[in-house]
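The values are calculated or read from the model by the stated rules, or taken from the named source; none is laboratory data. Keep in mind that this is a model prediction, so the values were computed, not measured. Glycine also receives a Cβ, built like all others from the backbone with ideal geometry; neighbour counts cover every protein chain displayed.
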């Protein structure tokens, strides 16, 4: 078996962030698995590269999770425990300590550049395995800023030109990558491996909300379609007694290219009454909000996988989602669907969940908890079969 070498540049760069997003969670899951596989790790920093042999890699989760240090102090500590450091921007300075027959794994969409890829090619019997989470920036450029789209195209081009294997979280993403490879002269094998969800027990809600509430989870960016949810709540206020309107709790950081929505959030008369912007929350607080919620609202225009919907189901939380291919494929009829921007269908589904009695709602949650979701065990069995 080749030795896995996991690129952790993304996690390092985001130390100090108040909450993990979907890609962060995937990289952390890979870290746990690579530690189990006695693998190695590398990190690109502004000063150069850090390399971690198996005994040092095992110490990283502890330092990644430190709450008593800010991001800069966490980074300094991690630099100190690295097996080898390079002050040069080239990875070649530390490659001599890496094992032959390595399998470089990048799932964080960071440090994907021709320089790193070419350096890896100098290692005997190497392979490069890269995950492409979605192709949204090229399929929906209107939802993405120009700078972000240009960076994505550069990363995707590097992946197609240099990867030995590409991992896709869904058939839909795999098919879109295949189309992007046409005419490039490269035909990289693509492995479809659905993402797992961390298995945790739903936290106990000691102080239930006096009113039903729904959560919207994810970065506040155009493709997540938060504006549509604000439209629904504004319509509720024009048609219903406020005492009967459920709450909308928005969890996630403000993202790029969404200034109009931010102006609406900042000026809405319903903020603090029936609409609450909670910002990015640590995992324990996020799960507590989800445990007490009536449902997750997921009106996204496009997803490579749609991890929040899977996390909600794992906690027994009902979901209303747009009928996106990956979600329909893996969650089927366990959740509710409504067409994007169809206010009547969404309002009806929200009202149905909000009006459920305790026993009916509890039975729905139990059924969701029993649903067999894709697992990290099966995901890693597929991925690591590539390097055996």
### Query
Within region 176-188, how many residues are within 21 Å of residue 325 (Cβ to Cβ) and exposed (fewer than 15 other Cβ atoms within 10 Å of the Cβ)?
3
### Message
Among the residues that make up region 89-105, is at least one of them touching a strand residue (DSSP E or B) at 6+ places or on another chain (Cβ under 6 Å), part of a helix (DSSP H, G or I) and under 24 Å from residue 153 (Cβ atoms)?
### Response
no
### Task
Examine region 12-30 for a residue that is assigned to a strand (DSSP E or B), in contact (Cβ under 8 Å) with a residue 12 or more places away in the chain and under 24 Å from the mean Cα position of the chain (by Cα), and state whether such a residue exists.
no
#### Entry: Residue selected from region 189-204 under the condition in contact with a strand residue (DSSP E or B) (Cβ under 6 Å, 6 or more places away or on another chain) and part of a loop (DSSP other than H, G, I, E, B), by the criterion surrounded by the most Cβ atoms within 10 Å (Cβ to Cβ)
193
### Message
What pairs come out if I take residues in region 191-218 that are within 24 Å of residue 350 (Cα to Cα) and pair them with residues that are surrounded by fewer than 13 Cβ atoms within 10 Å (Cβ to Cβ) whose C-beta lies under 8 Å away, six or more apart or interchain?
### Response
203/284
### Message
touching a residue at least 40 places away in the same chain (Cβ under 8 Å), out of contact with any strand residue (DSSP E or B) (no Cβ under 6 Å at 6 or more places or on another chain) and over 22 Å from residue 68 (Cα atoms): is that true of residue 33 in this structure?
### Response
yes
### Task
May I ask you to list the residues in region 245-282 that are surrounded by 13 or more Cβ atoms within 10 Å (Cβ to Cβ) and without any contact (Cβ under 8 Å) to a residue 12 or more places away in the chain?
271
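For (1) free of Cβ contacts under 8 Å to residues at least 24 places away in the same chain; (2) over 22 Å from residue 248 (Cα atoms), each residue gets a yes or a no:
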residue: 320; (1), (2): no, no
residue: 330; (1), (2): no, yes
residue: 333; (1), (2): yes, yes
residue: 337; (1), (2): yes, no
residue: 344; (1), (2): yes, no
residue: 349; (1), (2): no, no
residue: 355; (1), (2): yes, no
residue: 360; (1), (2): yes, no
residue: 363; (1), (2): yes, yes
### Query
Any idea which residue in region 143-175 is surrounded by the fewest Cβ atoms within 10 Å (Cβ to Cβ), counting only those that are in contact with a strand residue (DSSP E or B) (Cβ under 6 Å, 6 or more places away or on another chain) and either in the same structural domain as residue 325 (by TED's automatic domain parsing) or in a loop (DSSP other than H, G, I, E, B) (or both)?
164
### Query
Can you name the condition, by its number, that residue 75 falls short on among (1) closer than 30 Å to residue 193 by Cβ; (2) in contact (Cβ under 8 Å) with a residue 60 or more places away in the chain; (3) part of a helix (DSSP H, G or I); (4) within 23 Å of the chain's Cα centre (by Cα)?
(1)
